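A short reminder: the numbers here are calculations on the coordinates, not readings from a lab. All of these numbers come straight from a predicted model, not from anything done at the bench. Quick reminder, even Gly has a Cβ in these numbers, built from the backbone with ideal geometry, and neighbours come from all protein chains shown.
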Amino acid sequence: MKHAHYAPHVLALILTAGAVVCTPALASGQWKWRDANGSIQYSDRPPPQGTPDSAILAKPRASTARIVTQPVQAASAPVAGGRAAPPAAKASENELDAKRRKLEEEEKAKQQAEEAKLAKDRAENCQRAKAYERTLNDGIRISRTNAQGEREILDDKGRADEMRRTQDAIQANCK
C-alpha cells in the first residue's frame, strides 16, 4: 500500500480553506456601528447607549436573542420583598467575584514563588556557612585581602570572629 504524501502547498491550501470556513462563525459575535464622528466601530459589546438604531450596521445573531430575553425575564420575575436582583446584576457580580478570585490566586502564586525563592536562597546560604565552618574548624590557614589590597592571614582572634559570624549565619539560615 502506498502512502499519500501531500505537497506543502496542498496542505497550506487545505488549512486556508478551513480558516475561511471558520471565520464567519467567529465574526458572528461582533457588533458594527458608525459612531458620532462617522467612523465604523467593531466590538464584541453593544454600542454605547444613545447610539441610534440607524447607526448600527450589524448585530451578532446569538447576542440579539440574549439581549431581548433578559428584560422579559427580569420583568416577569416575581419580586420577593423588593430584593430580587436582575440577572444582569447577578452576572456582573459573578464576573467580579471571578476576577477577584483570579487576582487572589495570582497573588498567592506570586507569594508562594517568592517564599520558594527565599527558601532556596536560605538553603544555599546554610550550605555555604556550614562548609565555611568546617574550614574554620579544620585549622586551615585563611587569608584575606585588606583595604590596601594586601594579603593578611587570620590570627586566632580573627578566626574566632569569623566562627561567631558563621554560626550566626547558620542559625539564621539553617532552620
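Please compute the length gained on full extension between residue 104 and residue 92, using 0.36 nm multiplied by the number of residues separating them and subtracting their Cα-Cα distance.
Taking residue 104 through residue 92 to full extension adds about 2.5 nm, to one decimal.
Could you tell me which GluC sites (Glu not before Pro) in the stretch 112-175 are loop residues by DSSP with no more than 16 other beta carbons within 10 angstrom of their beta carbon?
Those that pass, being in a loop and sparsely packed, are 150.
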